[in-house]
Amino acid sequence: MSLSSLSPARLTLLTLLSATTLYLFYKSRRRRLHRLKTLNPSTKGQIFFISQTSTSKTLAQRVHNLLTLNDLQFDLLDPKDYEPEDLCKETLVLVIASTWENGEPPQNGAFLVNWVNESAEDFRVGADLLRKCEFAVFGVGRDVDEGDLDEVFDRWSKKVVEISKGNVKENGGYFGNLNGEVSDEEEEGEEEEDEKDEGRGDGEESEIVDLEDIAGKVPSRRKEMMENAKANGDSNGDVVNGKKAMVTRVIRANLEKRGYKIIGSHSGVKLCRWTKSQLRGCGG
Ligand SMILES: Cc1cc2nc3c(=O)[nH]c(=O)nc-3n(C[C@H](O)[C@H](O)[C@H](O)COP(=O)(O)O)c2cc1C
């Protein structure tokens, strides 16, 4: 039967059916691609214990046992054996941490804590780096030692189990958050690429700054340094061995604040996180 022999009504119906089939095929392909994308991140949760004398470690073992009993897969990790750059692949992280010496972390967590602190202040680390990573922290300190640690911890653990259970999807990813809100994975996945193209999509200004602009980024600091230089009789404070320094005091202060090591009076060096992040499969 040729197309020309079909009545207009049948032709319309045929066109509609073809369009619907094409649309459904397109949707299922997108869904499959999205599922593959979300399978890439670690499908297990991670529990870190940051502990000096094993109190937090014992608690971490307890919550790990409880999660395992509830068929929830978690690794129990000492952060000193963990590469923090891999955090971007995690979907759910629990931290049981104690505090030592004025709120500092115990030794085994020092590197991880330092990495998180540095990354939070590093203008080259995108605000989206840990976007997919839900986390909960249980802090152990003097107050908890004196109180009902076991009772408080058991309550917290049960909440973690409940929320983790409620929000685990078939592919193992966690899409809720520990405040009990559940995000719309499908919508998020589909909008994600558009957001990437359009910037962050939440109206926030980009954090990325050109190196040339750094000196102008912190006006109050600049003013303060110029005032100090003037007070020391140096009108601009940027002359080294009779020559104008390429890395002026203001630029030096800004670069050092961002973790650069300054070479002489001419250069600043820092490991390129974008390249490192790309090589580790965490995106650029
Ligand atoms: C030397 C020392 C320093 C401590 N410093 C703090 C502190 O600054 N703030 C706090 O809340 N607790 C502090 N604590 C209490 C510990 O956080 C608490 O004993 C905790 O249970 C230890 O857990 P951990 O065995 O997992 O390291 C300190 C304890 C000791 C022995």
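The values are calculated or read from the model by the stated rules, or taken from the named source; none is laboratory data. Computed from a predicted model, the values in this text were never measured in an experiment. Positions of Cβ are backbone-derived with ideal geometry, glycine not excepted, and every protein chain shown enters the neighbour counts. Each accessible area value is taken on the protein alone, full model and side chains, heavy atoms only, with ligands, DNA and RNA left out. Shrake-Rupley method; radii C 1.70, N 1.55, O 1.52, S 1.80 Å.
Quick notes
- Filtered by the rule that a residue be crowded, with 17+ Cβ neighbours inside 10 Å and modelled with pLDDT of 75 or more, the stretch 228-252 gives Ala245, Val247, Thr248, Arg249, Val250, Ile251, Arg252.
- Long-range neighbours under 9 Å by Cβ, at least six apart or interchain, first residue without any contact (Cβ under 8 Å) to a residue 12 or more places away in the chain within the stretch 79-103, second within 12 Å of the ligand (Cβ to nearest atom) and open to solvent by 30 Å² or more (accessible area, probe 1.4 Å): none
- Single residue of the stretch 255-284 satisfying the filter (among the hydroxyl-bearing types (Ser, Thr, Tyr) and more than 16 Å from Trp115 (Cα to Cα)) that is surrounded by the fewest Cβ atoms within 10 Å (Cβ to Cβ): Thr275
- Scanning the stretch 250-279 for residues that are assigned to a loop (DSSP other than H, G, I, E, B) and under 15 Å from Arg124 (Cβ atoms) turns up Arg258, Gly259, Tyr260, Lys270, Leu271, Cys272.
- Tallying residues that are surrounded by fewer than 16 Cβ atoms within 10 Å (Cβ to Cβ), among the β-branched types (Val, Ile, Thr) and under 13 Å from the mean Cα position of the chain (by Cα) within the stretch 85-144 yields 1.
- Residue count, the stretch 88-111 (criterion: modelled with pLDDT under 95, touching a Phe, Trp or Tyr at 6+ places or on another chain (Cβ under 8 Å) and of a type outside the set (Ser, Thr, Tyr)): 1
Okay, residues lined up against (1) in contact with a Phe, Trp or Tyr (Cβ under 7 Å, 6 or more places away or on another chain); (2) of a type in the set (Gly, Ala, Ser); (3) open to solvent by 60 Å² or more (accessible area, probe 1.4 Å); (4) modelled with pLDDT under 85:
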site: Thr15; (1), (2), (3), (4): no, no, yes, yes
site: Arg35; (1), (2), (3), (4): no, no, yes, yes
site: Thr43; (1), (2), (3), (4): no, no, no, yes
site: Gln46; (1), (2), (3), (4): yes, no, no, no
site: Lys57; (1), (2), (3), (4): yes, no, yes, no
site: Asn70; (1), (2), (3), (4): no, no, no, no
site: Pro79; (1), (2), (3), (4): yes, no, no, no
